[in-house]
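Okay, so here's the structure we're looking at.
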Amino acid sequence: MAGGVWGRGRGREAPVGALTLTALTEGIRARQGQPQGPPSTGPQPNSWEVKPEAEPQTEALTAPSEAEPGRGATVPEAGSEPCSPNSALEPAPEGPHQVPQSSWEEGVLADLALYTAACLEEAGFAGTQATALTLSSALEARGERLEDQVHALVRGLLAQVPSLAEGRPWRVALRVLSALALEHARDVVCALLPRSLPPNRAAAELWRSLSRNQRVNGQVLVQLLWALKGASGPEPQALAATRALGEMLAVSGCVGATRGFYPHLLLALVTQLHKLARSPCSPDMPKIWVLSHRGPPHSHASCALEALKALLSGDGGRMVVTCMEQAGGWRRLVGAHTHLEGVLLLASAMVAHADHHLRGLFADLLPRLRSADDPQRLTAMAFFTGLLQSRPTARLLREEVILERLLTWQGDPEPTVRWLGLLGLGHLALNRRKVRHVSTLLPALLGALGEGDARLVGAALGALRRLLLRPRAPVRLLSAELGPRLPPLLDDTRDSIRASAVGLLGTLVRRGRGGLRLGLRGPLRKLVLQSLVPLLLRLHDPSRDAAESSEWTLARCDQAFCWGLLEEMVTVAHYDSPEALSHLCCRLVQRYPGHVPNFLSQTQGYLRSPQDPLRRAAAVLIGFLVHHASPGRVNQDLLDSLFQDLGRLQSDPEPAVAAAAHVSAQQVAMLARARGRPRGPRLLRIAPRPARPPPVFADSPFQRRRVADRWGCSGPRRA
């Protein structure tokens, strides 16, 4: 084809511009009143045939080709047998071989497209405008549905583009498409979309050419946006529109054409990712996307993701893309179960680095919150929740309206909606203007602590922690309300919940330390003493987050209660140091002698823990508590129960646990004997009671031994 009409424009003696095209259009207009169907034999006065005065120019444009029976010289038709307008008007033979009307029209329109392209080759930029008007007039003059006629022209271009040589013929063909799109963007998009799936190189080139043309790219993007929003799911139309957007937005400078509908486009792409994540995975659409892939995207999800990244990067949001990369947000966006987490990360990144679009996004989200389409509604809810982190954006609605909406979500039967509502309440709690709403926020947050879904409990704990970080936080009220609710969460089976609950306790102690030093904060003091044993044992938690959170909270408690045990606590947390633990237990027994039975009872429960480090830590803690306890503070029933449980633990399959249980059982027996000695007259008890020997435990296999220090350790006893 490069040597045909597309390549011979340079050999013409004179350029053919709008004048010849107008003559052609007048002929088409004159034919408008004739009945439809194959024309009669011979040239007609008002036919597609060009007037005699234009005949030399037309002949200069037509290419000599092999003549078929009954046909003359023709311009090669796009994607079909060569034919000409004159020959197309000849009567078709009757019988089973009659040419259909649609094929005849498509051939004529394809000739028109090639003829127009040849004229454009030397018409220059001004010719583009003339061509747009000429094509529009010619197509409308047909008196039929314009969409069908544009489809035929686009099909002709799609068939011609792959065979064109690079350079001028290629550019001319792309200008024909731009001329069509200038007046009929909707019809061009509707014609190209069905041919974008499966991925087609020619269609991709046409989309990119439309993207580079600043006169038409905005109109085409709007039509693609409506095609994407109008689909009810990951159907062919939505998938094709997604790929087309990916091709167009990848062209530098195209994002500037999205001014005015940028928020609509961003939300549509994110919602499409949600729909793709929910759709059944097929072999040709892998869900896992390699971030460092080269070449065209190999799945619809990756194509939508590339379009979203191009949209953000092209509008000054490169930091948003970087933050999402570092936080793993892109992988979350394409995951079926993590998509909403990715949306929350995207909203947070935009709050931090792309706040110029937040108001438009917030306004576009509001009608979507009541959508009947689940992916659209949930995606909008996640964005709404994340954007509440921006105080200027949150002020677009009245405080009462936002709070009422979030509290309404708490009554939704779907856990995901309740989870998003709790996250929103947490963001709302950070706004200092919401002080008067604490009494409304608190019941919803406290009620969520009893939920079975870990996301809900974690969101409630996070929101309560944010509430405590505010000025004039309700420390006394929270201490009283968390008293019966928080201790069970310290031993929750879910690692994240344990770590969050321990961290919340530390934050509560930190905010209330002034009153604790003065002997006030009775509910908080009671809560801390009730949680002391779990905190000490959770220093050996297999979960690193829970162990570090316990160490941080114990440090806050030491500071608030003035124990002076910070070094001992840090040593116990990081090293196998029985001496430091013994000193810590001695100080606690001396300071809280009345709580020793409670300390022992709580520790006894951890002897049944399924985790070996916790069982050993509990056995060791019992040994030191019993060693430093006064015989009169511990009743015989508790000692008998401890002795039985430690006896059973001596058969533990873990040797370190069995050895620690044996040593602690000896300490319990010695304390029981001390309690059983008869008491004589006070004057006769001159000699002091014999001191009980301290427990000696073997090295722990779960922690390394600390080198010699102030606790009297002689150094590492094992390699």
Q) About its Cα centre, how strong a charge dipole does the range 460-560 have in debye, to the nearest 20, once Lys and Arg get +1 and Asp and Glu get -1 at the Cβ? A) 660
(Q) If you take every residue apart from Gln389 with its C-beta less than 12 Å away from the C-beta of Gln389, what net charge results, scoring Lys and Arg +1 and Asp and Glu -1? (A) +1
Q) Going by accessible area, probe 1.4 Å, with all protein chains left in place, what is the ranking of His356, His540, largest first? A) His356, His540
Q. In whole percent, how big is the carbon plus sulfur part of the accessible area of the range 491-545, probe 1.4 Å, protein atoms only?
A. 45
Q) When all protein chains stay in place, what accessible area (Å², nearest 10, 1.4 Å probe) is found for Val620? A) 10
Q. By the scheme Lys and Arg +1, Asp and Glu -1, what is the net charge of all other residues having a beta-carbon under 13 Å from that of Ser651?
A. -1
Q) Summing +1 for each Lys or Arg and -1 for each Asp or Glu, what net charge is found among the other residues whose Cβ lies under 14 Å from the Cβ of Phe261? A) 0
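Averaged per residue, what accessible area in Å² does the range 176-284 show with a 1.4 Å probe, protein chains only?
It amounts to 37 Å² per residue over the range 176-284.
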**Q.** Model label zone, Met319; criterion: amide N under 15 Å from point 7 Å along Cα-to-beta-carbon; scope the range 346-384
**A.** 347-358
Q. Once label points are set 7 Å from the Cα along Cα→Cβ at both His356 and Arg201, what is their separation, rounded to one decimal in nm?
A. 3.8
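Keeping all protein chains in place and using 1.4 angstrom, which order do Asp412, Asp637 fall into by accessible surface area, from largest down?
Greatest to least solvent exposure: Asp637, Asp412.
The values are calculated or read from the model by the stated rules, or taken from the named source; none is laboratory data. Keep in mind the model is a prediction, meaning the values are calculated, not measured. All Cβ positions, glycine included, derive from the backbone under ideal geometry; neighbour counts span all protein chains shown. For accessibility, only protein heavy atoms count, side chains too; no ligands or nucleic acids. Shrake-Rupley method; radii C 1.70, N 1.55, O 1.52, S 1.80 Å.
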